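The values are calculated or read from the model by the stated rules, or taken from the named source; none is laboratory data. Just so it is clear, the model here is predicted, and its values are computed rather than measured. Neighbour counts run over all protein chains shown; Cβ positions are idealised from the backbone, glycine included. The area values use the complete protein model at the heavy-atom level, side chains included, leaving out ligands, DNA and RNA. Shrake-Rupley method; radii C 1.70, N 1.55, O 1.52, S 1.80 Å.
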Amino acid sequence: MNRDYPSTSQKQRDFMEPMGDKLVTRLPGIGETLGDRMSNAGYQKASQVLGQYLAVDQNRQEFGHFMKDTCNANTKQSSDCYNGLKEWTREFL
């Protein structure tokens, strides 16, 4: 996909392709440390986190609580992940 996302990070732009079997660390805001925590909590794949995003009806606050509780993500990390999933669902769902 060659779409321009001028206000997003490179990681988020790279994420804007079909989900497939992407690892959780491919999500914007999720680096190696948070990825390890997510994996330990049972979320190895980005699609599993997408499922939680959809389960909370795409609610920013509820998703932030999920991220904090699951991997101790800070506000920026949660927001980056939320925004990436929001853009992804807008594009593919």
So the check is Cβ under 8 Å with 6+ separation or different chains; which pairs have a first residue in segment 79-93 that's of a type in the set (Gly, Ala, Ser) and a second one that's assigned to a helix (DSSP H, G or I) and open to solvent by 60 Å² or more (accessible area, probe 1.4 Å)? 79/60; 84/11
For a quick check of your reading of the model, give me the residue pairs whose first member lies in segment 56-77 and is among the acidic types (Asp, Glu), whose second is surrounded by 11 or more Cβ atoms within 10 Å (Cβ to Cβ), with beta-carbon atoms closer than 6 Å and at least 6 apart or on different chains. 62/56
Turns out the helices (runs of 4 or more DSSP H) fully within segment 1-83 with at least 3 residues that are modelled with pLDDT of 95 or more and either surrounded by 15 or more Cβ atoms within 10 Å (Cβ to Cβ) or among the acidic types (Asp, Glu) (or both) are 32-40, 46-55, 60-71
